[in-house]
Every structure is written in structure tokens, then in C-alpha cells.
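**Student:** My questions all concern the structure below.
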């Protein structure tokens, strides 16, 4: 049965959970289709995550390979197609606990960078899993800065081959997923040399393991990089190459080619590559960041409605911890953030789809804007998502610290998103570079992209709010965010200009401004996220019940941002101390309002118990029973205690006689 | 050999590393003694942490028990005494990777709460490890709120026994260390009932496992609670009791007793218990929080002086990442924090030693102050320590995410310190309660404890700084911190009073102020930490070289606090926007200054490579070689790949013919 404390929370819902779920999915039909897939997957024991928290790295890897191969078979049987909604539902449902994910990147890179002939040869083999691919870019000594890669590919005109080498240890490929133990092939990035001249980094298709017995090919040293904070199921690998030869045809050659005599030819635009990288950054957000944040909120909020601790009112029973203002202040802003990020993700996908269509029509004008957006929002969403999951974990006290809560695994995985696909600081500085350019253009009266037109509306002033309810008006808080973002961008631009004018070299001036530039880029993304939340709420006018609660969440998200960064709003006097008091009052009032709907708001995310895989977060709220049942299955309780016989028994053996 | 990039950093040191190390240790003699112990321990293979990152929970537990038993033998051989400097050095050196730690708490609780007769009976057995003890307080459903414990102990006058029971699942003991698989005995806390009347929570000595074969005693269900985010080596346990009988003599009875006829007698003061709890909170800070933060700084800063990424100046080689302002802004404030916390820890220990002496002279006046300090600083230090380690981890990019960096283990362990020994929010609110009382007393002209006398000096005004160098004056920034702390405390007090006067019940008014009260308590502790750093630097006047660099770190710590919380300083106009610009300028200047000494400043922490156990943080900076060597030892590379034969081979077997 459902814990009565949790059942009570649901009776009090001010809106229809089912309607909100459908709205988040896009339609009730999509919800139904998703649920059917989830049921099919979860009823299959191969996909069970039941013992995950007890498994070693080797066990996790083996299970993940099994799943990948089995899923492939299932997809073929069911006739599902790549990129179909079904595949998206499946990946949501598997929580990424599957191998051969890089195989898809291997295929995508060949499709995008390969010639038609290369595509015809390799894609069918890869699609049938007759070869297993990986993607080898990062090196021990080189990550984000692609031009610094040290692996070499020297053209040998005599044999019509490229000779691949790892000239020193820092040039070893390091991190590529699926490469450590699974892949037979990889796309490897290396500095191309022809007749002694370097042409920069190029991609090559390389076989790394025998198709007969899976042993490394001659000249290839390959293995697993060992344990990581999470991703135990993935065989991230290392790869060292010693005079490994690949035929001339294996250099991916949609945009350039080395001809038989060594002539290097380049054609077409490379901008499309740029777009691919950009879109990958956005594509990880939903499954790797926003869903985990939603799961963490679900676990922590349900648990907080069940867990009782201390007395709030003397003489009464112990209070639900969700009734403490400090607990609300921890969890409810994360809940609002999860919704805000769900909506900004939709916005980003729409932006990218429009951009993609323009690009297909050979119009590349929106690329800088798309690049700036993907960089900045990747950084903002992963950063807030990570800190949100950490807050949820800590808000569950000791039990949150048990792996059985599910929260540690969510945390140790989501934190990787701050690092992969571009380190966040580097990305934010790319966004900042775009913003500074736009700001300077706007100041000179030149046209700027639509998303940043606000930069030309510099009108210093004061916030007109007079009462705490005024801060529940989106116009009021949006204007405050806008002013704040403009000020941070313009003051960074001014500092940069001042340094350069006073004789500091450009690169050094830039470095001296980076702490402030990073902050400005964050402020821009934060503003756009609030603005998009406001616009999303406005569009919900045909769903009154949902619109009302979403408006509360939007207000909370916006006011929490002000409450947590008062200095940025007070600095130029746009908000006064009296305004901050009003914001604080409104913000704290909202916590109490949203608290009433907190459980239905996480129920609407519609996670099954199996996908949450949490003893604390199950729908029925029977947290203590489940912790106890799960703990009993732990290997620490299953395999005897050799330490007793070896070390403790000798100490204890004469005690009885002395007691 | 040492990586030349790192060697160069050391040549440029502006101070003597050896002198600073001695200063941190207290004396050069203490440094020598510590190094001798470290060498003795590290040369012994039993204490090797070499394979730690590859081990399962079962393996970690077994190794930790082995160490505990072996260490005990060694301590006896060497004639070291409990609480001696040697034992402190050993624990620093083992990084807490040892079992039977709760055995010490078992002994301490008997020493403090037991009668002389109980002490005479149990302490010698425990000291000889003829029994193994644990400490069973926390339950599945109850943590910080001790009065809520549900385990019962009913006195049976007929047999002169207590009957212990776990009346429901939430009453099960959960979390006690060493209990899951090791302990034979425990001190268990239960609600005492005599003749149907409840006398509240009392401690009882209980045998839980047979001394003959280690099987659970009749009526006892005991086991391990399963995997956690860290502490794999510790067998945190569960314990369920069904009509388990212990003799009347087993209730710890220094302060109260149930007499044979059931008469309950209480005598003496319980305040000393209060002091014990308080002192445990402080005693965890050094080994569990400050040392891990110092280690994380050592790893991240050394790595950042070796890792090169992108070009700072066009045409030059790639730059050390430590030369980027954004990297300095991540790491150097953590370094300053590590020093600040080292010094506040000394301050807290001095405060407690004085308090202990007063208490031994039956003067309990300082207890509320000590309690408030231990609560607030435990929260502040663990919170900033945890976020500091996370920043260090993320600042090392992908390699920081590898377990081999040592950083994930530091993080997953330090985060527990925010939860155990009192949840941080609960603790900060206890500090806030003390501060509000003192503030109200001060406003009424009553005397208040010396550490909070600043609360009576409310003189609103404006900061007199005119130039950025003015913010390198401790007087200037201390005054700003003081004003800010007073304002946050006084405005919380005012809100509380206002709510109560307008008819809100006291407990509800308190709850409505807790978000602000928590912030006020943090501000107080932050202010005291800055103040103590300033005073520590002043006392270094006989060591000019060290004083100079410590002054820089102190300034950085103080200005980083303002830079990160500008709103709290701008709010009442004590600092203006122009002041914030000066603070920012001075803060960014300091980053560049301290960067020059960053490596020597972490070298001074004097960690051996073995105790860092990090492929990135070793003294010689040979990070890539070490990552590669260590990865090759991973079990993922040692035990074949069963997944190939089972799942991949069937896919690949016909590929050759098609290529």
C-alpha cells in the first residue's frame, strides 16, 4: 500500500497530474506510447537495473554489452527506426546504462565527414554491427583544444598508405568510449603530414582489433583506462599506435583528400562540422542532465514528504521534513529549475531545427548564434543540474548517501556533463566572445541576431515595483534580469577596451577579463531561461490549472535567481535594498505555496519505480521497508565474512573465559 | 625525474617551504616526528593503498580490518599511547582507511557515561580487543532528533533485566559503523520504561554476536546496510532486537540508575555529555575535512602547473592551465580556504581546551558558546571543504574524473561530513539561536560572551576605502564583514520579533525565519574565520617571508568572500558599487600574485605521494606516465573479456568475408 503521508499529498493536488504529464511529453498520445515502450523494456529481465548498485566495473560492462546487443536485436524485430520516438523512449528508460553508444558517433562521423563511397562501404557494416566502432579524438595531453592533438598520420606515396603514430605518451588516445574492450574499428583524429608538410587534424578509419579473435592489430596497444567516478559500464579506452598503416581511402574525404601523388585538395564548406559539434552539445542535455535532475527531485521530494524529523509544533507528532522552510528552500528551487530546463531544452531544439533548415538551404548566417547558444546553455544547464542533484542528495541526510537511494549514482554521473563535450568555462567564454561582439556591434548601430537584440536597449533606470506582489509580475522581474545581463556584458566590454587602449596586448587583456566575462555569459543564459519560462507559461492559456502552477514555478525560478545573486541586481541601483526585501518576502511566500503541490509536481515527471531505482523515491513511499529489503541483497551480507576468521577470531577466542 | 614545468615553479618560491611546513605542524621537531611515523607506516605493505581504486566493498572491508588489527599490534609493540602525537600522525597517514574506528567511540561512551564498576569491567576488555564494540544510536527513521528514537528497553523487576525491542521497522538501528560485520558488543540507545513509565533515551551495553562463532545472539538480527557513496571499508550496520535481555547492570549509570525495585534515580550533571558531543564535531574537522581539502588543492594545483591547454599568447607553446585567470579563480581561493580552516581549527581546539579546563573546575558558563561554535564551524568548514574539493575535481577536467586522480574518492568521502555528526542546516540554526539570544541580550545592555561582543557595536556607516589597495588592509575588510554579520543577525531578530508581535506562534515564526537565520549564522562564522586568519598572520611577525605570503592568502580569502557575496555587503550601503569595483580589482590582482607561489604553497602541506594516492598529484608531476601505468593494473585489463565471447563474437564472426 501507499504510505498515507504520501497519499495525502496527492489528494491535495491543485491540478491534474495526467494533464501535466501529457503537456510535458507534448501530447497524451506520446505519453501512452512512451509508457508502452517503458513497460516492454522494463518487463524484460535483460534490462533490469536491480543489482546495479552491487556490481563491479567488470560486471557492469558485461551487462551493458549484453543489453546493447540484445536491444539491437529487439529494435530490428520491432521494426523501430533510428531517431524514432520509440528509440528516444528506450534511451530515457535505460538511463544510459548500455554499451556501444560511441558506435553511433562512429557512424555519424562517417556519414557527415565521409565521401559517398566511404559511406557506402562502412555504414552498412556498422548498422549490422558487423564491425563495432568508436571515436578516438581526445588524447592524454589534449582535450578541448583540438589543434593541439599530437597523433600523426604521414602519407607514404610509395604504398598509398598513411602511417599512424603516437609520437609520445601525451599523444596516446585516452577516454574514447567503447574502445577499451569492445571496438574493432575507430575514427581516429591525427595531424596529417604529406611530404613533410602538416595540414592539421584529419579523421581516419582505423581497424584496432582482429575480426577473428579480437586481439589488437599489429602496432596497436589498446586497453581500458580503469575506474572512473561513474560510467562503470563504459569501457573508456587508451590507444597507442606504432607505425600502423591504413590505406589512402581511409581518410574521411567529404571535404578534402590526399590524391595518389600526395596533392592535398580541399573543397566544400567545413561549417557543417561546426554545426554537428554544436548539436551534440544540445542533444546530451535531456537524457544526461534534465532527466537526472527530475529524478533527483522526485526522490528527494517524495522522501521529504515521508521522513519525519523533530517537532515543528510542540506537542504534535514529528513534522514531515518538507514542512521546514529550510528544506523547501533546498528542494523547491531545484524543482522549478527542472521545469525551466525542460522548457529551455524545447526552445533550443526548435532553434536548432530552424538553423538546420537554413543550413540545408546553404544559409550559414545563424551559425555563430547557434554556437554561442549551445555553448552557454550546455554550461548553464549542466552546472545548475549538477548542483541541483547534489542539493537533493544532501537534503536526504544519511539515507541519501546510501547508493540504494539512487542519488549518489545520479550525482557521480551528472557531474561528468560539466566536463565532457567541452569544459564549461571554455564554453562560457565562447558565449562571452559572441556577446561582446554583438554588444559592440549594437553600440555602433549595426544589426545583431534576434536573440540578443535586448543588448541594444540600454536604458538605465530603477525598478518600479512598490509591493511584494509586484515581483510576481514577469514584466518586473524580466526587466531586472535584462538590466543585469546588459550591465555585466557592457562592463566587461568596457574593461576589455580600457585595457587594450592602455597598451595591454589583446590576448592578455582578454585573460584579465575572463572571470567577469564568464559571469556575464552566465547572466545572459539565465535571463533567456527566465524569459523562455515566462513565454511558455503564457502559451498554456488553454490549460488553466496547469498554467497557474507553472506560473508559480516560473516566479519561483526567477525570484530564487535574484535572491541568490542580490549583488548583481543591487550593484547599479536598479533594485534597492527595499526591493530585495520585497523579493525575499515574495520568494519565501512562494515556497509555502508550491510546497502544497510538490509531490504531484514530481509525480508528473512520470518515472517508473524501476527507472528511478531508488529505495527512497518509490511511488508508494515505503522507504524503510525497501532500504531494509535491498540492503539484505548486498554482497556484504551474502558471501560470509573471511575477515572474521582471519583477523577477528584470533583476538576473540579467549574472551569467553574472561567474561 | 621531476617534470621541468613543476621544478620551475619551485625555483621561484618566495618563501621557505620547510619553514612553512614546520609552522603548520607547530614546530620543526613535530614535522620530523611526523615524517618518521609516516615512513614507518608507508613502508609496511599492510598499509599500502595502492590497489584501493580497484577493490570491491568486500575487499576494502577485509583490508581495513586487517589493518586495524595489525596497527593495534604495532602500537602495542612501539609503546605508543592513545591520543599521543604518534597516533594522530598515524591517522593522518592512513587517511581513515581502517576499520574498528567505532570501537573507540564505544570505549569513550563507556568511560564518559559508565559507572566506575562498568568502566573497570568493560574498558580493559575493549582495550585488549577481547570484545569489539560499536555505538548504536541512529535508527532508520531517526537521526539528529535523539528524543524521537523508538527502540525500547523495558525493565523486568522479576529477572532484574531490561528487555530490548525494535517495535517497528523505523526503529531499527541503521548506520552504526563496525556493526554490520565486525562488532561483538554495542552501546545501544533506547527509550527506558519502568513500570509503564517512559524515562527517555538511555544507553545500554549489549552483546550482539557470539564470542564463540560470531553468529548473532538470540533475538538479534544484524547485518550490513550495503553500498554507500564512499566508506566502502566500513561495515555500517543494521540491528533489529526481539526481546533481547540484558542484565540491570548493563545500563550505563554514571548519571542515573534503575534500582532493583524499579526506582529510577538520577544524579550529577548531564552537561558534560553535551560537551562530548560538541567536541566530537570539532575533532572530525582536521582529518576528515581540512586534510582532504589540502590534498585536493595539492593534486589540482600541481596538475594545473603541468597540464597545458590552448594558447594564451599567439605563436607560443600551449599555456599551463594555471596561467588562465579562470583556473586561478577556481583553485587559489580553495588554497586560501585550506589555510584559513587550518588556522580556525587551531583556534577551535584552543577554545575547547580552555572550556574543558573550566568544566573540570565545575564552571559550565562557556558551554552555550562552545556548542554554538562547534555547530556553526562544523557546518561552515564541511560545506566549504566539500565545495572546494568539488571545484578542484572539476578543475582537472576529464582526468580529475578518473578514480586514479584521487579526487573522486576525496569528494565522495568529504561530502558525508556535511551530514554526519549533525546535519548542517540543523547545526547552523542552533548557532543562529545562540546569536539571536546574544543579540537580544546585547541590545538590552546585558553581558554577552567575549566571542560575540561585536554584536553590541552597531554603528551604521560607510566603508572609508578610497583605492583598491585600501582593501588589502585587514581593518577595512574586517569592518565590512562585521557590519554584514551584525546586519544579518539583527534583521533576522527583527523579523522574528515582528512576526511574534503580529500574532504568529513562536515555533511558526521561527520556521518562517530559518532561511535568513541560517544565512546569518554562516555570516557570523565566516567573519570569525577571517578575523582569526588576520590575527594568525599578525602573530607570524618573527617569520617575515612566511608572514608576507600568508598575508596575501588572508587578503584573498577575505576578498573572495566579498566578491562572491556582494549583495550582502551592498545591501545597507556599507560598501558601494565603486567599492565592489575596488574589491574586484584587488581580488583579481591577488590571484596573479599568489599564482607565483601556488606550487610551493601546496608543497608545504607535505603530503607524501603515497598518502595522496593520485596519478595527477605526485611530487614529480609525471602525470601521464603514471595514469598509463596505473590504468594497466585495472581489473578491466586483467581478467580477459567474457563479454566478447558471449555477445560480440557472434556478431563479428562473418564480417571478415565481407570486408
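**Student:** Return the residues of segment A:14-38 that are surrounded by fewer than 17 Cβ atoms within 10 Å (Cβ to Cβ) and more than 25 Å from residue A:592 (Cα to Cα); say none if nothing qualifies.
**Tutor:** Those that are surrounded by fewer than 17 Cβ atoms within 10 Å (Cβ to Cβ) and more than 25 Å from residue A:592 (Cα to Cα): A:26, A:27, A:28, A:29, A:30, A:32, A:33, A:35, A:36.
**Student:** Going by what's in this entry, would residue A:637 be described as within 30 Å of residue B:57 (Cα to Cα), facing chain B (nearest Cβ under 9 Å), in a loop (DSSP other than H, G, I, E, B) and more than 25 Å from the chain's Cα centre (by Cα)?
**Tutor:** No.
**Student:** Could you go through segment B:173-180 and let me know if any residue there is away from chain A (no Cβ under 11 Å), more than 17 Å from residue B:110 (Cβ to Cβ), in a loop (DSSP other than H, G, I, E, B) and touching a residue at least 40 places away in the same chain (Cβ under 8 Å).
**Tutor:** No, segment B:173-180 contains no residue that is away from chain A (no Cβ under 11 Å), more than 17 Å from residue B:110 (Cβ to Cβ), in a loop (DSSP other than H, G, I, E, B) and touching a residue at least 40 places away in the same chain (Cβ under 8 Å).
**Student:** Within segment B:371-420, work out how many residues are within 18 Å of the chain's Cα centre (by Cα), buried (at least 24 other Cβ atoms within 10 Å of the Cβ) and not in a helix (DSSP H, G or I).
**Tutor:** 1
**Student:** For segment B:470-479, enumerate the residues that are under 18 Å from residue B:571 (Cβ atoms) and either modelled with pLDDT under 95 or crowded, with 23+ Cβ neighbours inside 10 Å (or both).
**Tutor:** B:477
**Student:** Of the conditions (1) within 14 Å of chain B (Cβ to nearest Cβ); (2) surrounded by fewer than 17 Cβ atoms within 10 Å (Cβ to Cβ); (3) modelled with pLDDT under 95, residue A:312 satisfies every one except a single condition; which number is it?
**Tutor:** Result: residue A:312 fails condition (2) only.
Results for (1) free of Cβ contacts under 8 Å to residues at least 12 places away in the same chain; (2) closer than 30 Å to residue A:425 by Cα; (3) buried (at least 18 other Cβ atoms within 10 Å of the Cβ), shown as yes or no for each residue.
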site	(1), (2), (3)
A:40	yes, no, no
A:63	no, no, yes
A:68	no, no, yes
A:115	no, no, no
A:120	yes, no, no
A:130	yes, no, yes
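**Student:** Sticking with this one: Which one is surrounded by the most Cβ atoms within 10 Å (Cβ to Cβ), of the residues in segment A:132-145 that are facing another protein chain (nearest Cβ under 9 Å) and in contact with a helix residue (DSSP H, G or I) (Cβ under 8 Å, 6 or more places away or on another chain)?
**Tutor:** So the residue we want is A:132.
**Student:** Does segment A:181-205 hold any residues that are crowded, with 18+ Cβ neighbours inside 10 Å and touching a residue at least 60 places away in the same chain (Cβ under 8 Å), and which are they?
**Tutor:** A:181, A:182, A:183, A:185, A:186, A:187, A:192, A:194, A:203, A:205, listed by residue number.
**Student:** If residue B:45 passes every condition in (1) away from chain A (no Cβ under 14 Å); (2) within 26 Å of residue A:228 (Cα to Cα); (3) under 25 Å from the mean Cα position of the chain (by Cα) but one, which one does it miss?
**Tutor:** That leaves (3) as the condition not met.
**Student:** Next question, about the same structure. List the number of the failed condition for residue B:196; all other conditions in (1) out of contact with any strand residue (DSSP E or B) (no Cβ under 8 Å at 6 or more places or on another chain); (2) within 14 Å of chain A (Cβ to nearest Cβ) hold.
**Tutor:** Of everything listed in (1) out of contact with any strand residue (DSSP E or B) (no Cβ under 8 Å at 6 or more places or on another chain); (2) within 14 Å of chain A (Cβ to nearest Cβ), residue B:196 misses just condition (2).
**Student:** So, one more: Could you run through segment A:208-227 and say how many residues are at the interface with another protein chain (Cβ under 9 Å from one of its Cβ atoms) and either touching a residue at least 40 places away in the same chain (Cβ under 8 Å) or part of a helix (DSSP H, G or I) (or both)?
**Tutor:** 5
**Student:** From A:391, A:448, which residue is at pLDDT below 95, more than 9 Å from chain B (Cβ to nearest Cβ) and touching a helix residue (DSSP H, G or I) at 6+ places or on another chain (Cβ under 7 Å)?
**Tutor:** From the options A:391, A:448, the qualifying one is A:448.
**Student:** Also: Restricting attention to segment A:315-348, which residues are under 26 Å from the mean Cα position of the chain (by Cα) and at pLDDT below 95?
**Tutor:** Scanning segment A:315-348 gives no hits.
**Student:** Can you pull out the residues in segment B:132-163 that are part of a strand (DSSP E or B) and at pLDDT below 95?
**Tutor:** B:142
**Student:** Where in segment B:558-633 are the helices (runs of 4 or more DSSP H), entirely inside, with at least 2 residues that are farther than 18 Å from residue B:392 by Cα, at the interface with another protein chain (Cβ under 8 Å from one of its Cβ atoms) and modelled with pLDDT of 95 or more?
**Tutor:** B:566-570, B:577-595, B:623-632
**Student:** Could you pull out the residue among B:499, B:488, B:517 that is within 14 Å of chain A (Cβ to nearest Cβ), without any contact (Cβ under 8 Å) to a residue 24 or more places away in the chain and either over 28 Å from residue B:346 (Cβ atoms) or assigned to a helix (DSSP H, G or I) (or both)?
**Tutor:** When all the criteria are applied, what remains is B:499.
**Student:** Quick check on segment B:401-418. Is at least one of its residues more than 20 Å from residue B:285 (Cβ to Cβ), away from chain A (no Cβ under 14 Å) and touching a residue at least 24 places away in the same chain (Cβ under 8 Å)?
**Tutor:** no
**Student:** Any residue that is touching a strand residue (DSSP E or B) at 6+ places or on another chain (Cβ under 6 Å), within 14 Å of chain B (Cβ to nearest Cβ) and under 30 Å from residue A:409 (Cα atoms) - is there at least one of those in segment A:248-269?
**Tutor:** no
**Student:** Still on this structure, I have one more. Hey, among the residues in segment A:97-131 that are more than 13 Å from chain B (Cβ to nearest Cβ) and in a loop (DSSP other than H, G, I, E, B), which one's nearest to residue A:177 (Cα to Cα)?
**Tutor:** Within segment A:97-131, the match that is nearest to residue A:177 (Cα to Cα) is A:101.
**Student:** Follow-up question, since we're still on this one. Hey, among the residues in segment A:239-278 that are on the phi > 0 side of the Ramachandran plot and in contact (Cβ under 8 Å) with a residue 24 or more places away in the chain, which one's surrounded by the most Cβ atoms within 10 Å (Cβ to Cβ)? Even if it seems obvious, please write down each step before you answer.
**Tutor:** Let us first name the residues in segment A:239-278 that are on the phi > 0 side of the Ramachandran plot, namely A:243, A:262, A:268.
Restricting the remaining residues to those that are in contact (Cβ under 8 Å) with a residue 24 or more places away in the chain gives A:243, A:262.
On the way: A:243: 10, A:262: 14.
Residue satisfying both the conditions and the ranking: A:262.
**Student:** Just checking, how many residues over segment B:50-87 are more than 14 Å from chain A (Cβ to nearest Cβ) and not in a helix (DSSP H, G or I)?
**Tutor:** The total comes to 6.
**Student:** Could you count how many residues in segment A:548-563 are under 23 Å from the mean Cα position of the chain (by Cα) and over 16 Å from residue A:325 (Cα atoms)?
**Tutor:** 5
The values are calculated or read from the model by the stated rules, or taken from the named source; none is laboratory data. Here the structure is a predicted model, which is why all the values come from computation and not from measurement. Counting neighbours? That spans all protein chains shown, and the Cβs are built from the backbone with ideal geometry, glycine included.
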